[in-house]
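Read through the structure below, which is laid out as structure tokens, and then see the notes.
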Amino acid sequence: MTHDGSDSDTLPLNDWLRGRHALTGTAPQWDPDAMPDDPTVLFGEWLRAADAAGVPEPHTATLATVDAAGVPDARTLILKRVDERGWAIASTRSSRKGAQLSAAPAAALNFWWQPQVRAVRVRGRVEEASAEESAADLAARSPAARAGVADGDWVLWRIVPERIEFWQGSRDRRHTRVVYVPDGAGWSRSVTVD
């Protein structure tokens, strides 16, 4: 790709980008100082609130991984489950994400619910579920979704969180963040408005 140093090709796009408003949703009322001790409880509350408010497919997230050279990669997928063992996702071992998770078993998830000006970010190490759990997850998919998946290629992975952030935006740019980190016996949390 060559570039002659002129930005004339991108000026209309950049002008358009500068003219877009952000954070146009309506943030629900909440008290960040009255959060549950377990972040999965809060995630469930936020997820159900997003669904009740009509957010399309609130269980989808962007999964970020890195390749063998350390270059980031991202794609959208469906969250399979959340429990004390982690945040589960699934795909084929032979996929690009499967290769990346095998080579560098750490990842991040990002949920963005624009109508509510809310995001949830999760990051941590990745652990592969047992073969039985992966097989059960595959069996629960529709026949069309199972078609073409080679025997033993379907994997359920869990992101074991090292940090979970709940973010609620504000038009005045004083965004609220509630961050949970494991502290050995459970979770500690901090609240910032910035």
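Observations
- Rg over Rh [alpha-carbon atoms, Kirkwood Rh] for segment 40-130: 0.98
- The slack between ASP183 and ALA74, meaning 0.36 nm per residue of separation minus the straight C-alpha distance, is 36.4 nm.
- Averaged over its residues, the chain has an accessible area of 59 Å² per residue, based on protein heavy atoms and a 1.4 Å probe.
- Around the amide H of ARG93, modelled in the peptide plane, lie the amide H atoms of TRP154, VAL155, all under 5 Å away and 5 or more residues distant in sequence or on another chain.
- Only protein heavy atoms count here; under a 1.4 Å probe, SER94 has an accessible surface of about 90 Å².
- Cleavage-rule hits, trypsin sites (Lys or Arg not before Pro), segment 2-89, DSSP coil, Cβ neighbours within 10 Å at most 15: ARG20, ARG85
- Fully extending the segment from SER190 to THR60 would add 44.2 nm, taking 0.36 nm per residue of separation and subtracting the current Cα-Cα distance.
- Segment 135-164-segment 101-119 distance, computed between alpha-carbon centres (Å): 18 Å
- Element breakdown for the chain at a 1.4 angstrom probe: carbon and sulfur atoms account for 52% of the accessible area.
- Value of D in µm² per second that Stokes-Einstein yields for segment 82-194, Kirkwood Rh from Cα pairs, at 37 °C (0.692 mPa s): 206 µm²/s
- Hydrodynamic radius of the chain per Kirkwood, over alpha carbon pairs, in Å: 18.9 Å
- Using 0.36 nm per residue and subtracting the Cα-Cα separation, the extra length available between THR24 and ASP51 on full extension is 7.9 nm.
The values are calculated or read from the model by the stated rules, or taken from the named source; none is laboratory data. Quick caveat: nothing in here was measured; it's all calculated off a predicted structure. A quick note on method: Cβ atoms are made from the backbone with ideal geometry, for glycine too, and the neighbour counts reach across all protein chains shown. Note: areas computed on protein heavy atoms with side chains; ligands, DNA, RNA excluded. Shrake-Rupley method; radii C 1.70, N 1.55, O 1.52, S 1.80 Å.
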